[in-house]
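Engineer: Sharing a structure, written as structure tokens. Questions coming.
The values are calculated or read from the model by the stated rules, or taken from the named source; none is laboratory data. Being a predicted model, the structure only gives us computed values, none of them experimental. Cβ placement follows ideal geometry from the backbone for every residue including glycine, while neighbour counts extend to all protein chains displayed. Only protein heavy atoms, including side chains, enter the accessible area calculation; ligands, DNA and RNA are left aside. Shrake-Rupley method; radii C 1.70, N 1.55, O 1.52, S 1.80 Å.
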Amino acid sequence: MIRVGVNGYGTIGKRVADAVAAQPDMEVVGVAKTQPNFEAHTAVERGYSMYAAIPERAPLFGDAGIDVAGVVDELVADADVMVDCTPSGIGAENRSLYTSYDTPAIFQGGEGSEVAQVSFNARSNYDDARGADTVRVVSCNTTGLSRLVAPLDEEYGVEKVRATLVRRGGDPSQNSRGPINDILPDPISIPSHHGPDVKTIFPDLAIDTMGLKVPATLMHVHALNVTLESDVTAAHVRQLLEGESRVYVIPEGLGLDGAGKLKDFALDAGRPRGDLWENCVWGESIAVEGRDLYLFQAIHQESDVIPENVDAIRAMTESADAEESIARTNETLGIGLAGDPTGFNDSERVGVETADD
Ligand SMILES: NC(=O)c1ccc[n+]([C@@H]2O[C@H](COP(=O)([O-])OP(=O)(O)OC[C@H]3O[C@@H](n4cnc5c(N)ncnc54)[C@H](OP(=O)(O)O)[C@@H]3O)[C@@H](O)[C@H]2O)c1
């Protein structure tokens, strides 16, 4: 059993803990937080041992009725792998804590690439993380782009990627973020930082990205134009993407016309927290003009990196190869929406919009 500690139990940390707990070859040794808020109570209810991320705050947990198993140093000492899920920038500060106990550590995409030996996406460069002491699971957007680039590059060769990322202003619980009523080029300068981040996975890739932020919390939406190195058809690209386990090609006729309905769909399907671990590519949007491929995809920022963290743990501990790990993670989490999983595919009943709309 690989003993995993999770430092930071927020949006990403709580999902990582649950995903690790679902693995037959892993266990959660404990989770660390700075304060005994509702998430701390949830963690304890789920059976995770609670550690104080800031030792002086340990008594606050006791005051709130939460038994503390120890301080974060003890968790780090006890774990085979630490997954750092603290807010951007704190992970880099925690790096010396993990190295001082010789505990391999995974960092998240909010950290710069220099925080770790390897930037990681399971589909694209699993083997680069084999046996590594430090790995950074790239951001939600970079994960979403990498999962598309990998098969396209392998199958057709990629000459150039141009992506416009329409990003959610904040996660549903981030009530201090915005915009509330605006559409922000973000960053205003072009290209955005996302392209260089994708290059931490594909160093030779030609990619330019532009970013916006909009008043939404549910998902990001990417508009992609990829110039391929060989002639293709839209049908062939679609078939290729349908063969990718972490890409859901949204079938026509389900009425899944936006992020809101996708989230509803995930909740109706009984997904925990309404999570969509897969890239959601609109099948109808896949279009080809010469060697230029166009498509839209939605990315659930809170959850697409979760299976990647699980695979990163196996890569670092060299306990499975890429194919084995991805398959096990997919199976245990229930990843892989294919075709019409509801069996409900009647375009008249779901009211598909016609072309004049
Ligand atoms: N949310 C996303 O959409 C998303 C997607 C992909 C990647 N990421 C990346 O994942 C990382 C975590 O983001 P998040 O969205 O999960 O943040 P979050 O929701 O704010 O959660 C961070 C957690 O860390 C805890 N924390 C704060 N300071 C800490 C410290 N010094 N030591 C230990 N725990 C501490 C907070 O707990 P307390 O309440 O106890 O302070 C909170 O539970 C970031 O690098 C982010 O860029 C986020």
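Engineer: Which numbered condition trips up VAL44, out of (1) out of contact with any Phe, Trp or Tyr (no Cβ under 8 Å at 6 or more places or on another chain); (2) open to solvent by 50 Å² or more (accessible area, probe 1.4 Å); (3) more than 15 Å from the ligand (Cβ to nearest atom)?
Structural biologist: Looking at each condition in turn, VAL44 falls short on (3).
Engineer: Which of the residues that make up region 1-41 are near the ligand (Cβ under 9 Å from one of its atoms), more than 15 Å from GLN108 (Cβ to Cβ) and of a type outside the set (A, V, I, L, M)?
Structural biologist: Once the filter is applied, which keeps residues that are near the ligand (Cβ under 9 Å from one of its atoms), more than 15 Å from GLN108 (Cβ to Cβ) and of a type outside the set (A, V, I, L, M), region 1-41 yields LYS33, THR34, GLN35, PRO36, ASN37, GLU39.
Engineer: What tally of residues in region 198-207 results from selecting those that are outside any loop (DSSP other than H, G, I, E, B) and open to solvent by 70 Å² or more (accessible area, probe 1.4 Å)?
Structural biologist: 1
Engineer: Give region 133-150 a look and list any residue that's of a type outside the set (Ser, Thr, Tyr) and in contact with a Lys or Arg (Cβ under 8 Å, 6 or more places away or on another chain), or say none.
Structural biologist: ASN141, ARG147, ALA150
Engineer: Given the condition at pLDDT 95 or above, outside any loop (DSSP other than H, G, I, E, B) and open to solvent by less than 20 Å² (accessible area, probe 1.4 Å), answer yes or no: does some residue in region 332-344 qualify?
Structural biologist: no
Engineer: In addition: Just name the residue that is least open to solvent (accessible area, probe 1.4 Å) out of those in region 228-278 that are out of contact with any strand residue (DSSP E or B) (no Cβ under 7 Å at 6 or more places or on another chain), of a type in the set (A, V, I, L, M) and more than 23 Å from ILE326 (Cβ to Cβ).
Structural biologist: Residue satisfying both the conditions and the ranking: LEU254.
Engineer: Among the residues of region 47-70 satisfying the criterion of being within 13 Å of the ligand (Cβ to nearest atom) and hydroxyl-bearing (Ser, Thr, Tyr), which is farthest from ILE90 (Cα to Cα)? Don't jump to the end; show me each part of the working.
Structural biologist: Keep residues of region 47-70 that are within 13 Å of the ligand (Cβ to nearest atom), which gives 48, 50-58, 60-61, 64, 66, 68.
With the extra rule that they be hydroxyl-bearing (Ser, Thr, Tyr), the set shrinks to 48, 51.
Values: TYR48: 22, TYR51: 17 Å.
Once the filter is applied, the top-ranked residue is TYR48.
Engineer: Against the conditions (1) free of Cβ contacts under 8 Å to residues at least 12 places away in the same chain; (2) more than 11 Å from the ligand (Cβ to nearest atom); (3) acidic (Asp, Glu), where does GLU93 fall short? Just the number, please.
Structural biologist: GLU93 satisfies every listed condition except (2).
Engineer: May I pose another question? Could you tell me which of the residues GLY91, GLY62, GLY70 is within 14 Å of GLY10 (Cα to Cα) and of a type outside the set (Val, Ile, Thr)?
Structural biologist: GLY91
Engineer: Further, regarding this structure: Do we find that GLY195 is outside any loop (DSSP other than H, G, I, E, B) and under 17 Å from the mean Cα position of the chain (by Cα) in this structure? Quick ask: steps written out before the conclusion?
Structural biologist: Working: outside any loop (DSSP other than H, G, I, E, B): yes; under 17 Å from the mean Cα position of the chain (by Cα): yes.
Against the criterion (outside any loop (DSSP other than H, G, I, E, B) and under 17 Å from the mean Cα position of the chain (by Cα)), GLY195 qualifies.
Engineer: Give the residue, chosen from ALA122, ALA132, ALA163, ALA116, that is touching a Phe, Trp or Tyr at 6+ places or on another chain (Cβ under 8 Å) and either open to solvent by less than 10 Å² (accessible area, probe 1.4 Å) or farther than 17 Å from GLU278 by Cβ (or both).
Structural biologist: On the way: ALA122 fails: touching a Phe, Trp or Tyr at 6+ places or on another chain (Cβ under 8 Å); ALA132 fails: touching a Phe, Trp or Tyr at 6+ places or on another chain (Cβ under 8 Å); ALA163 fails: touching a Phe, Trp or Tyr at 6+ places or on another chain (Cβ under 8 Å).
It is ALA116.
Engineer: Something else: Name the pairs: first residue in region 161-175 and without any contact (Cβ under 8 Å) to a residue 24 or more places away in the chain and within 12 Å of PRO185 (Cα to Cα), second residue of a type outside the set (Asp, Glu) and within 13 Å of the ligand (Cβ to nearest atom), Cβ to Cβ under 9 Å, at least 6 apart or on different chains?
Structural biologist: none
Engineer: Six or more apart or on different chains, Cβ under 7 Å: which pairs go from a residue in region 271-297 that's farther than 12 Å from ARG238 by Cα and assigned by TED's automatic domain parsing to the domain that holds LEU224 to one that's part of a helix (DSSP H, G or I) and acidic (Asp, Glu)? Could you list them?
Structural biologist: Close Cβ pairs satisfying both conditions: PRO272/ASP18.
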